[in-house]
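Some notes on the structure that comes next.
The values are calculated or read from the model by the stated rules, or taken from the named source; none is laboratory data. What you are looking at is a predicted structure, and each value in this text was computed from that prediction instead of being measured. Positions of Cβ are backbone-derived with ideal geometry, glycine not excepted, and every protein chain shown enters the neighbour counts.
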Amino acid sequence: MNLGKTVFAQLMDFIPTHEFRRCVHRYQGDYKVSSFSCWDQFLCMAFAQLTYRESLRDIETCLRALGSRRYHLGIRGQVARSTLADANEARDFRIYADLAQALIALARPLYVGEDFGVELEQTVYALDCTTIDLCLSLCPWARYRAYNAAVKLHTLLDLQGNIPVFMEVKPAKIHEIHTLDTLLPEPGSIYLVDRAYLDFGRLYRWQQALAFFVVRSRKDFRFHRLSSQPVDKGSGLRCDQTIRLKSFYPAKSYPEPLRRIRYHDAETEKNLVFLTNNFFLPTLTVAQLYKCRWQVELFFKWIKQHLRIKKFYGLSPNAVKTQIWIAISVYVLLAILRKRLRLQLSLYSITQILSLTLFEKMPILQALSHVEPISELGVSGNQLSLFNI
């Protein structure tokens, strides 16, 4: 029940405070802090994400303009640009990374059974990364090329609900293949990866962990064909083969047979070749699964368009990672809100409504009800949807 709380305060009530305190205590975030706590820092940064603030000065001006109403938002400390900048620089970003993981643990059970286009009992993940550009003169620690700076956001997305279950922020000069070294594969699950992750030694570790993968093959791929299965060429399939690697080092790294599937995409007129260690799925299902990998691309597109992760409030690695992890926490928090309140609105509509009603003292369900679902302009009809954005 709404007890005179603002919409913003009601939204923050979906965050488990005991988990937040545990994250802060783990990294001593509030050690020798008297006036501006980690909770105040998180609320200010979440406010900035939800209201599209562009700078620390922008955040300070807007929050100070609220006067005593800041108390009703839950912000107890005095908001100053320098104080918030110091907090982003000094307080360990892992506080908010762990908070995001705690929220993900709450969100995933809410989306069990969500339809993502292919009916399977196994959990299906899509792995990819996106590049976030930075200014080289301001962030020399993130040098990417001679005149560029950037970081990469590596993401493992659960396609049931499009919830990121694993995320890692690394300098862009580190190749994405190294992400496979930090992932702990889940037995029985299916991982969809692009050909940038094609490393037979690392994929064989997934095979030994009883996890399945679907990956695109490269053009310079050499193999021995062991057998072939008949396929329906009217569906776009061209072949379904059992193969063994031919080149010396790949064959040494992956000594077991693989399944090779070639598929013709009529829309793009491209021939796609997939490799998988799953010999039980129907041939067409493998091709359909790989098409679902586009969900992770839509996820990156959404967070870049609707969250503040393209322009940063701080310049240090800790400040950049803090802002990214708080943005991800806000994204997952909105996903939890959407499911617990049983809303039919898209995440885009929810963010737009909240940006205008954060300071209203009304039940949050009332603020988000009686709104006609709208479709976002610019979304191509041949792309899969992400929360019906």
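Of the helices (runs of 4 or more DSSP H) entirely within the stretch 216-316, those holding at least 1 residues that are more than 33 Å from the chain's Cα centre (by Cα) occupy 248-253.
One residue stands out in the stretch 161-190 among those that are part of a helix (DSSP H, G or I) and not hydroxyl-bearing (Ser, Thr, Tyr): the one that is surrounded by the most Cβ atoms within 10 Å (Cβ to Cβ), namely 180.
The residue that is surrounded by the most Cβ atoms within 10 Å (Cβ to Cβ), among those in the stretch 248-265 that are over 15 Å from residue 220 (Cα atoms) and of a type in the set (A, V, I, L, M), is 261.
Just one of the listed residues (268, 283) is loosely packed, with under 15 Cβ neighbours inside 10 Å and either touching a strand residue (DSSP E or B) at 6+ places or on another chain (Cβ under 9 Å) or assigned by TED's automatic domain parsing to the domain that holds residue 196 (or both), and it is 268.
Number of residues in the stretch 11-41 that are within 25 Å of the chain's Cα centre (by Cα) and either at positive phi or outside the structural domain of residue 353 (by TED's automatic domain parsing) (or both) equals 0.
Filtered by the rule that a residue be buried (at least 22 other Cβ atoms within 10 Å of the Cβ) and either modelled with pLDDT under 90 or farther than 30 Å from residue 337 by Cβ (or both), the stretch 140-160 gives a lone residue, 142. Among the conditions (1) assigned by TED's automatic domain parsing to the domain that holds residue 81; (2) over 16 Å from residue 15 (Cβ atoms), residue 341 misses just one, which is (2).
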